[in-house]
Amino acid sequence: MSSYKVSFIDFVVYRKYPTKEWSLTSFDIGRPLGKGKFGRVYMVRTKSEPKYILALKCLYKSEIVESKVEKQIRREIEIQQNLRHPNVLRLYGFFHDEKRIFLMLEFAGKGELYKQLSKHGYFSERRSARYIDQMADALSYLHGKHVIHRDIKPENLLLGLNGELKIADFGWSVHAPGNRRMTLCGTLDYLPPEMVEKREHNEKVDHWALGVLTYEFLVGNPPFEDRNSVNSESPFFGCLWYCAYVWNEIHTAEFQRLI
């Protein structure tokens, strides 16, 4: 298989191994881990020492061009490759061939947080507090680097081998030193009022999503749910200010006051 190989960073954990060029033949391909809009993710192992386990994300160039998201993919790679935080999924490197782009990602051993939430219905206050604490620390790190994620939701959160949270999928992220943006993006259930109103926004949109997640972790569904288009006539628009929260016997007074 012919391949255009791109030199990239070496694995930080194993600095005694020099930076090398990667191609698809550098890996033993394992089971599929998931499927995205533009391709699939596989568990792989490097053939050379130290036999490192990775998640290899395969993106098809034709689909990227067809969807006109070339700049978005390029920005995702440029941002994520420079992030180093225990609760942010690492991007170790990338390479490409004639048809595909391959992203070498940290392997999150316990999979998608969304599946855990769907399985259990909701999380305990202790478990939710642990996740929110880890995410708040990661967001503080991102915002300190002027990175706004803009698509925080359970589907974009993974769990490491020790159960630690990992923020992933930086497709909508942006590096904004001025911290002011106008683009309407993300997922409807997690959009803050300023985005819905198509006003200027900043890193606080991630804080709003963190609050939505806090509620969803403990209740089992987001507080603002609607599948209609984002406009001032949508029931979702009014729900942002007039939402009726639902409590039951599992929710402590402390949690209710927090929300």
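The values are calculated or read from the model by the stated rules, or taken from the named source; none is laboratory data. Computed from a predicted model, the values in this text were never measured in an experiment. So basically every Cβ, Gly included, is an ideal-geometry build from the backbone, and we count neighbours across all protein chains shown.
So the values come out like this:
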| item | result |
| --- | --- |
| Members of segment 42-73 that are in contact (Cβ under 8 Å) with a residue 60 or more places away in the chain and under 16 Å from LEU105 (Cα atoms) | MET43, ILE73 |
| Unique match (being touching a residue at least 12 places away in the same chain (Cβ under 8 Å), charged (D, E, K, R), within 23 Å of VAL147 (Cα to Cα) and not assigned by TED's automatic domain parsing to the domain that holds SER173) among GLU76, GLU98 | GLU76 |
| Helices (runs of 4 or more DSSP H) contained entirely in segment 50-131, each with at least 1 residues that are surrounded by 14 or more Cβ atoms within 10 Å (Cβ to Cβ) and either of a type in the set (Gly, Ala, Ser) or more than 17 Å from the chain's Cα centre (by Cα) (or both) | 61-66 |
| Scope segment 33-49; condition over 25 Å from HIS175 (Cβ atoms), surrounded by 12 or more Cβ atoms within 10 Å (Cβ to Cβ) and modelled with pLDDT of 90 or more; matching residues | LEU33, ARG40, TYR42, MET43, VAL44, ARG45, THR46 |
| Any hit, segment 196-214, residues being in a loop (DSSP other than H, G, I, E, B), at pLDDT 80 or above and surrounded by 13 or more Cβ atoms within 10 Å (Cβ to Cβ) | yes |
